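Notes to accompany the following structure.
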Amino acid sequence: MSARDAILAGIRRGLRRGPLPPAEAAALDERLVAHRRNLVPARAAALDHAGRIGLFVAMAEEVQTTVARVASAADVPNEVARYLAAENLPADLAMAPDPALDALPWDARPLLQIRRGKAEAGDAASLTPCLAAIAETGTLILVSGTATPTTLNFLPDTHIVVVRADQVVASYEDGWDLVRQRGPMPRTVNFITGPSRTGDIEQRIELGAHGPRRLHVVLIDDGAPIA
Amino acid sequence: MPEPSAPRVGLLVTCLVDLFRPSVGFAAVALLERAGCAVAVPQAQTCCGQPAYNSGDRGDAKAIARQVIAAFADYDYVVAPSGSCAGMVKVHYPQLFADEPDMRARAEDLATRTWELLSFLVDVRGMSEVAARWTKRATYHDACSGLRELGVKEQPRRLLASVHGLCLAEMPGAEVCCGFGGTFCVKYPEISDKMVGDKAAEIAASGAEAVLAGDLGCLLNIAGKLSRLGIRAEVRHVAEVLAGMTDAPAIAAPRR
Amino acid sequence: MQPTSRDFPANARAGLVDPVLQRALGLARTGFPARRQQAIARLPEFEALREEGRRIKDHTLANLDFYLERYEAVVIATGGHVHWARDAAEARDRVLEICRSVGATTVAKGKSMVAEEIALNEHLERHGIAPVETDLGEYIIQLRHEPPSHIIAPAIHLMKEQVADTFRAAHQELDPARSLAEPRQLCEEARTILRPRFLAADVGITGANFLIAETGSSIIVTNEGNGDLSQILPRVHIVLAGIEKLVPTLEDAATLLRLLARSATGQEFSTYTTVSTGPRRPGDRDGPDEYHVILLDNGRSALLGGEFHDMLRCLRCAACLNHCPVYAAVGGHAYGWVYPGPMGAVLTPALVGLREAGHLPNASTFCGRCESVCPVKIPLPNMMRHWREREFAQGLSPRAYRSGLRAWAWMAQRPRLYHAAAALAGRGLGWFGRDRGRFRSLPLASGWTLVRDMPAPEGRTFQSLWAERQRAGGGTR
């Protein structure tokens, strides 16, 4: 008997039954297809969109994410350059090869050295888009893809993420809906809540354990109504 | 004398109160009578069976449980001055007889009638104050079974707040186990020692002159450790203070 | 690793007198519970979520065969491989085969308790493959050749001075003049050393907090990001997971994730929650070429439907360890195997046998704090009691203890005799203890009087006094 068959037989022995009858299996398949939500806390779900943005920022800052609000996408290059300078970081950027980021007016900041692609070992800072931002805990959702290599989220010391106000949603469940709307599951979905940290030595929280030491959100809040 | 309509309460004395500190039993009787109950003490009781149950001796635990179920069959309520013993009857007896429907029904019937003393006085009888006086700074240890199995937390504090002269100095770790644990304390004495040593240190740090709790097992353990360490704090069951019966020497205190 | 659970009392004594361990446990004892309390106080739905979490896991376990088959099918459909392992040896062999198939010489490991359970590192090393632990705590104990002492904070038994000594001994190129006095400096040192190891690793191995039947995904939760670097840089990603890690949908995982971080570290959410599905997709610029999942049984299926069924709900959050006064007194190594604390006291006898691990379910006061904080409401004390029942039934407990217990129980079932004996004992002890009110030593009670005094009885038993009062007509009946 294969290990697989032995384990499944052992499970059925413990549950005192054979394989599920087709009707019961169909009901469980229906449960998988429906993927209904369980209890979702009211914390973010009960807020309007402006409230969710406020909560996202507050929760993100609580875990040492820094947030800068800009009024339009055109201001992103300025904010990125300002942030790098303020943190005393080199004006070098590994950027996700994402059309929306490419469309930003980078010409305005000619001193920024931008390389598009996945992250390399020596990269100091990265810039990526995100799929969504979750108000409940100040969490960013990033998905892997041709335009969004996952290494950008982990290798550089500094990770800058562009978030549009209309990407701020209430809950993880809202995030799953957006992931599913894109199509098949991407290889990697990252939920990121603050910069890397560890408490493994005397339970003292230290930032920058293995992943980024800094996580900076540039929030484009142009006041446009949310569809 | 209680009213003819007074609820009939069978006192589950508990083996430790019976042997070590009858004062607690009489304090419980006094409080129950003040709460308008007619109290009786069935002779056919010895122990709730917890030592056997927690040692894995299910057979003896069931035999003793049967004895308790029979002895207390005829009372409106069964009250124990111990969260541990009350929890045994209320929570664990029905589990013990899970596969014997008749006994299970009797165990569940007993469980619904069984209460820990303080929760009975406050939650069932609506007692909100006592007439006692005791001028002390005291701290309160939450015995585990009463706290987590029966939700005994506010009831003793509510009544203690009405004791004239009593000042309650809470310990941050009031809900942490004292290390008694029935046979645990003699099976693993060094671990138990560490736990009760930490408890004694917290009591000392609270600046309290007295430590109270609702379970004699914990009190014997705590009093024994305080005495061994030479920390002077008066150790009593909370019922003694609430009943105004604090003339007897405290637990582990010299008597002459 | 070879279990030493049999030596629990000696292990515990060693822990109790270890000053470094006691300092470290002192930090944990107050820190974890306070942080958890703060976190759950901010989430009014927490109690309701515990109930939902319990329900989700119970539902999955009741249909575990179905969900495993669905999960397997989706993993394969998304280009991954599923390997089933009945026991630790099979799991180790599957990992080794995969490593050999790609000619691997080094492996980067994210934290995995299943890897500890199957003693994977020793196996890989024996076959010429170098595993590098990348979680900071795991890395520290790997250098020290120690097992983890806690399931989410493996090096919790150490203080920063021991970590500094460990790094100085192991890191050959470390400048002796460089300060390693602070946790910050120790973290930097580990980051510097481990970064090239990630980049060089041929295979990355992680555990899984959840497996999702709906999407064929594995989820890991970390704070450091080491689990992510371990899986996106090497060519091969191997996931090690117990079969009980399955949940039906991403929504179900979301509910359990809300419970996990708050229960574990008191965080609102862990820094990185990563959902991995199959190997890299066409067009992806990074990510592993191969994705393998090893589904480990190792005694789990045998727990289904029995007294220990509920244990399979366990999320490995460590709340029970963090709130256990016994764990806080002796530390994790005393338990002598991979899983310490209350969850270990239930799981270890199931995985290594009651003869080896019989002490663990006995070393509990049944204070119930573990059950009260468990995010999926596992009745841990009840299950420890079930182990004691098996031990008693199999005659494994010490003979003197059993005969003493039987003698007491015999008396307790004869009330007249019992009351007479109690009256006699009360009188005798009361008389001998009448002056001091306590005994410093007492025959047959050395376990008690070794460490504390025995309060003397008042003298008369309650039953004898009550009978007197009844005869005098002073009672109500």
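Under 19 Å from a label point 7 Å along Cα→Cβ of residue C:192: give me every residue in segment A:182-204 with its amide N that close. Taking a point 7 Å out along Cα→Cβ of residue C:192, the residues of segment A:182-204 whose backbone N falls under 19 Å are A:198, A:201. For segment B:95-110, 3J(HN,Hα) computed residue by residue from phi via the Karplus equation (6.51, -1.76, 1.60; θ = phi - 60°) reads 5, 4, 9, 3, 9, 10, x, 5, 5, 4, 4, 5, 5, 5, 4, 5 Hz, glycine and proline entered as x.
Considering helices alone, the calculated mean residue ellipticity of chain C at 222 nm is -15000 deg cm²/dmol, with DSSP H runs of length four and up weighted by -39500 (n - 2.57) and normalised per residue.
What translational D, rounded to a whole number of µm²/s, comes out for segment B:119-186 from Stokes-Einstein when the hydrodynamic radius is the Kirkwood one over Cα pairs, at 37 °C and 0.692 mPa s? Don't jump to the answer; show the numbers that get you there.
Details: Rh = 13.4 Å.
Rounded, D is 246 µm²/s.
This ranking places B:82, A:126, A:2 by how few other beta-carbon atoms lie within 10 Å of each, fewest first, which gives A:2, A:126, B:82. Only the Cβ atoms of Lys and Arg (+1) and of Asp and Glu (-1) were treated as charged; on that basis the dipole of segment B:36-192 about its Cα centre amounts to roughly 420 debye.
Starting from the Kirkwood radius over alpha-carbon pairs of segment B:122-256, derive D by Stokes-Einstein at 20 °C in a medium of 1.002 mPa s and give it in µm² s⁻¹.
Values: Rh = 15.1 Å.
Reported coefficient: 142 µm²/s.
Put a dot 7 Å past the Cα of residue C:30, heading toward its Cβ, do the same for residue A:71, and the two dots end up 5.1 nm apart. Projecting the Cα atoms of C:185, C:124, C:112 onto the dipole axis of segment C:71-223, where Lys and Arg carry +1 and Asp and Glu carry -1 at the beta carbon, places C:185 farthest toward the positive end. If a paramagnetic tag sat 7 Å from the Cα of residue C:2 along the Cα-Cβ line, which residues of segment C:86-125 would have the backbone N under 16 Å from that point? Residues C:119, C:122-123 fall inside that zone. The fraction of all Cα pairs in chain B landing in successive 10 Å bins from 0 to the largest distance is 7, 32, 36, 20, 5, 0, given as whole percents. Shape index of segment C:1-156: Rg/Rh, with Rg the Cα radius of gyration and Rh the Kirkwood radius from the inverse mean 1/r over Cα pairs, equals 1.03. Averaging over all projection directions, the Cα-based convex hull of chain C occupies 29.0 nm² in the image plane. Remark on chain C: C:99, C:187, C:314, C:317, C:324, C:374 stand apart, with no other cysteine beta carbon under 4.7 Å.
Taking N as the number of residues in segment C:404-471, what is its Cα Rg relative to 2.2 N^0.38 Å? Mind showing how you got there, number by number?
Details: Rg = 13.6 Å, N = 68, 2.2 N^0.38 = 10.9 Å.
Output field value: 1.25.
Amide H contacts under 5 Å for residue B:139: B:169, B:210, B:211, B:212, restricted to partners 5 or more places along the chain or on a different chain, H placed in the peptide plane at 1.01 Å from N. Dipole of chain C computed with +1 at Lys/Arg Cβ and -1 at Asp/Glu Cβ about the Cα centre; of C:240, C:5, C:62, farthest Cα towards the positive end is C:5. GNM on chain B, alpha-carbon springs under 10 angstrom: the most fluctuating residue among B:14, B:246, B:114 is B:246.
Couplings for segment C:245-252, taken from phi via the Karplus curve 6.51 cos²θ - 1.76 cosθ + 1.60 with θ = phi - 60°, read 7, 5, 9, x, 10, 4, 5, 5 Hz in order; Gly and Pro are left as x. For the protein assembly as shown, the share of DSSP beta bridges that are antiparallel, to the nearest 5, is 25%. The alpha-carbon atoms of the protein assembly as shown, seen along their principal axes, cover 104, 63, 62 angstrom, with the largest extent given first. Sorted ascending by nearby beta carbons within 10 Å, beginning with the fewest, A:220, C:118 become A:220, C:118. Computed over chain A with a Gaussian network model linking Cα atoms closer than 10 Å, the most mobile of A:28, A:39, A:55 is A:28. Taking the three principal axes of the alpha carbon atoms in segment C:331-477, the coordinate ranges are 61, 37, 31 Å, sorted in descending order. Suppose the Debye formula is applied to equal point scatterers at every Cα of chain A; what is log10 I(q)/I(0) at q = 0.08, 0.09, 0.12, 0.14 Å⁻¹? Here log10 of I(q) over I(0) equals -0.38, -0.47, -0.73, -0.91. Sorting the segments A:66-77, C:203-214 by their mean number of nearby beta carbons within 10 angstrom, highest to lowest, gives C:203-214, A:66-77.
Compactness ratio for segment C:43-302: Cα radius of gyration over 2.2 N^0.38 Å (N = residue count) comes to 1.02. Each part reduced to its alpha carbon centroid, segment B:235-256 and segment B:76-103 end up 29 Å apart. Amide hydrogen proximity for residue A:127: with H placed 1.01 Å from N in the peptide plane, the residues at 5 or more positions away or on another chain lying under 5 Å are A:94, A:95, A:96, A:160. In this label model, residue C:444 and residue A:108 are separated by 9.0 nm, measuring between points 7 Å along each Cα→Cβ vector.
Highest mobility in the GNM of chain A, judged by mean-square fluctuation with C-alpha springs under 10 Å and restricted to A:192, A:141, A:205, is found for A:205.
Under the combined filter of DSSP loop state and at most 16 neighbouring Cβ atoms within 10 Å, segment A:124-196 retains none of its chymotrypsin sites (Phe, Trp or Tyr not before Pro).
Of B:57, C:286, how do they rank once you tally other Cβ atoms within 10 Å and put the fewest first? Don't skip to the answer; put the middle values down first.
On the way: B:57 24, C:286 19.
Lowest to highest Cβ neighbour count: C:286, B:57.
Counting partner chain Cβ atoms within 10 Å of every residue's Cβ in C:387-397, what's the average? Walk me through the intermediate numbers first.
Details: counts 1, 6, 8, 1, 2, 7, 4, 1, 0, 1, 4.
The mean count of partner-chain Cβ atoms within 10 Å per residue comes to 3.
Can you find, among A:77, A:105, A:63, the residue farthest towards the positive end of the dipole of chain A? Put +1 on the C-beta of Lys and Arg, -1 on that of Asp and Glu. Of the candidates, A:63 comes out farthest on the positive side.
Residue by residue along C:260-271, Cβ atoms of other protein chains within 10 Å of the local Cβ number 5 on average. One Cα centroid belongs to segment B:144-215, the other to segment A:105-150; the line between them spans 55 Å.
Here's how it looks for residue C:82: its modeled amide H is under 5 Å from those of C:293, which are all 5 or more places away or on a different chain. Remark: segment C:53-59, residue by residue, has Karplus-estimated 3J(HN,Hα) of x, 4, 5, 4, 5, 4, 4 Hz, where x stands for each Gly or Pro and the curve is 6.51 cos²θ - 1.76 cosθ + 1.60 at θ = phi - 60°.
None of the figures in this text is laboratory data; all of them are computed from the coordinates on show. Just so we're clear, the structure is a prediction, and the values are computed from it rather than from any experiment. Virtual Cβ from ideal backbone geometry, glycine too; neighbours counted across all protein chains shown.
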